Amino acid sequence: MLRGLFDLDNPVMRFLSRVADILTLNLLFIVCSIPVFTIGASTTALYYCCFKMKDEEEGYLTRRFFKSFRENFKQATIMWLILLAFLILLLAELVIFRSVPGTNGTICRAAIVVGLIFWFLIMSYSFALLSRFYNTIRTTFVNAVLLIFGNGPRSVAIAAVIAILVGFSVSQTNELIFWNMILFWVLFAVALDVLINVELMYPIFRKLMPEEEKQEAAPDSDFEVDEQADLSSLGYTPLPPEEDAADSDSETEDG
């Protein structure tokens, strides 16, 4: 009985392993986001690792995180600075219209809140796309908008999850619960939200990936796009597969 309890394939052990993965990713995200301007690269790396977890691929999360962080740093940082500028603008408008009375003030505040939700969706889709595909910044943003409106129910669900998490956290008047929520955000919340987003986005991304029987079961390999798939409408360019170390050594010896 005890042997079965500590079996790695035991549902309890799998659950604890997933919790540990979420904790690790959340802490990596928090630490790497401290300079603020690196939040884009950290978010991209977080999506990359969560997609790998969804595929149940074996590998070291820390190595995967920093691999994506390093490779997408420049583009992700530029994208984040653009998004950050719009976020500051929306928050500034919210402060300005916060004290405006009457119907006009209510309408303006509601419009700003909708803008913040749309901003979050663009950020989520954009960094998720960047974690899986090469593309220009402009095309990535355009594709993100197309995916938001082309997958309305899933986009609403993604927005609802973050709205519930943030709303519950900021609405707490009990000091003990409030600080527990702060601890929850530091340890789990961001990675958990991204993991839920990946669950919702995955069927969308599967349309841009090859059929499962055509994929090779290689650890930590990137998605490969089916050559016959029609991706021109979204302008996607897949990330190249990682080179096999043994093949590289063989080629070097032959040379």
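Charging the Cβ of each Asp and Glu at -1 and of each Lys and Arg at +1, and nothing else, the dipole of the range 2-207 about its Cα centre rounds to 460 debye. Modelled spin-label separation between E199 and F178, with each label point placed 7 Å from Cα along the Cα-to-Cβ direction: 3.0 nm. Ranking of C32, C49 by neighbouring Cβ atoms within 10 Å, starting from the fewest: C32, C49. Note on A157 and S17: the extension gain reaches 47.8 nm, defined as 0.36 nm multiplied by sequence separation minus the Cα-Cα distance.
Extension gain for N104 to L84 (0.36 nm times residue separation, less C-alpha to C-alpha distance): 4.5 nm. Exposure proxy ranking for M79, M123, based on other Cβ atoms within 10 angstrom of each Cβ and starting from the fewest, stands as M123, M79.
Convex hull volume of the Cα atoms of the range 88-212, normalised per residue: 143 Å³. Taking every Cα-Cα distance in the range 2-207 and sorting them into 10 Å bins from zero, the calculated P(r) comes out as 8, 29, 36, 19, 6, 1, 0 percent.
Each value in this text was obtained by applying a stated rule to the coordinates, not by laboratory testing. These numbers come from a predicted model, not from an experiment. When we count neighbours, we look across all protein chains shown, and the Cβ atoms used for this are built from the backbone with ideal geometry, even at glycine.
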